[in-house]
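In what follows, a single structure is set out as structure tokens and then discussed.
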2 protein chains.
Amino acid sequence: MALSRARVVAEAIALADADGLDAVSMRSLSERLGVVPMALYKHVRNKDELVTEMVDEVVREIAPSRPSGQWKADARALLAAARAIQHSHPWAWAAIATRGSPTPAALDHMEAMIATLRGGLSAPLAHQVMHALGSRLWGFSQEVFSSAPPSDPDVAAAAAAMLAQHWPFVLESAMSATHGPDGIVGPGCDDEAEFFFAVDLILDGAERLATIP
Amino acid sequence: MALSRARVVAEAIALADADGLDAVSMRSLSERLGVVPMALYKHVRNKDELVTEMVDEVVREIAPSRPSGQWKADARALLAAARAIQHSHPWAWAAIATRGSPTPAALDHMEAMIATLRGGLSAPLAHQVMHALGSRLWGFSQEVFSSAPPSDPDVAAAAAAMLAQHWPFVLESAMSATHGPDGIVGPGCDDEAEFFFAVDLILDGAERLATIP
DNA sequence: ACCTGAACACCGTTCAAGT
DNA sequence: ACCTGAACACCGTTCAAGT
């Protein structure tokens, strides 16, 4: 099969899905395609453009569900759809975060979200909500320090002891249960609950501001 | 002056401040220090550890102001202090975002924030708020696609025409004024207003949840 | 103990050449 | 028009050697 821009980008996404974004080099990608590195440059200007194409392709996968007419429910559904791509392409957030300006597919997604918000909010308020959503618009919440607990129980115990001595509130917080709308969900971190907890704070807050006379 | 871990890290921060994080390579840094690249490895295990040390040093600069006893005001002040480091070290957010687990200074900052939130919130609610703040805890709001308007007026006009045709809501939103608590702040994006708009949405929302019986 | 020099296994990208 | 080969200017990091 002849090389094409689409095939280069698709293979790059497959490689990133399998081995991470760092594994995508012009050299490793060309090898996967059975071609010499320089052959890629006929279909892509440089590596930066390749990553931008990868992002565009992945963002295009965000599938908006049929609007219900309820702006808050529709906004929530759109964010849930964005969240799905982060599960199938865990490298995507890092690639998105390093893009300068939005790709066409990204503009489509932004357009869909703003249009939805405008169902209940003024233009300036919708603008603010877009900023407040931040990375959550793309389905990830930028956890910064992941704080995934160590899998080794001995290491975890040592870490807990360290926290207890110097950072008691951090320890308490790490141990504290996750609160969902239906009550206590469980101990530790529930990504899904935390994502929508923040989303609801923002959307509910915006709704309240919108209805203030 | 003899090389030391502190001097290596300080010089790396100075280099990143001047030329960006990408300009910090073991080779360029060693050249600035008038030493051969391998000399750095006596003071730092590898580049990853160097960047972690840079982050720790910068996060340590976050200066908490004297607590007022009002948890919301104190939380806001702590976030404002975190925001200041992003202005003096614009590369910091990218370095922070790629660290796996929190550095000691990061734990100190988290401890201070959780302690402040616990002045008015339950442990599980404080936990959720910490997640909801996300990158804002470190003073940046992860704007993802920066959408800084092109400085060239011709390019800006062409971009606006493009938006008008395919993404009218995005255009409207880009043009819409920023809403502060005191009314319209001005057209375009006001980073400061947007940062605290989101923060207030989160803190006010949490306060409301805390006082529900 | 601390710094050096040469080398290794990688990068992205250029240029001139092949077919 | 599309792919190749060799080269350039970079990386982070190892190893053995110097002082």
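A few notes on this one:
- Applying 1/(1 + (r/R0)^6) with r as the Cβ-Cβ distance of A:E207 and A:A84 and R0 = 22 angstrom yields a FRET efficiency of 0.35.
- Taking 0.36 nm per residue of separation and subtracting the current Cα-Cα distance, fully stretching the chain between B:A6 and B:Q70 would add 19.3 nm.
- For A:R118, net neighbour charge (Lys/Arg +1, Asp/Glu -1) across residues whose Cβ lies under 14 Å away: -3
- Neighbours of B:V9, meaning other residues whose beta-carbon lies under 9 angstrom from its beta-carbon, give a summed charge of -2 when Lys and Arg score +1 and Asp and Glu score -1.
- Ordering of A:196-202, B:204-210 by burial proxy (mean other Cβ atoms within 10 Å per residue, highest first): A:196-202, B:204-210
- Inter-chain Cβ neighbour average for residues A:134-144, partner chain, 10 Å: 6
- Set of lysines with alpha-carbon distance to B:K47 below 28 Å, sequence-local pairs under 8 removed: A:K47
- Separation in nanometres of the label points that stand 7 Å from Cα toward Cβ, at A:S28 and A:T98: 1.2 nm
- For the stretch B:5-44, the equivalent ellipsoid derived from the Cα gyration tensor has semi-axes of 16, 11, 8 Å, listed largest first.
Rule-based calculations on the coordinates, nothing more; no lab input. Note that the structure is a prediction, hence the values are computed from the model and not measured. Please note: Cβ atoms are built from the backbone with ideal geometry, for glycine as well, and neighbour counts cover all protein chains shown.
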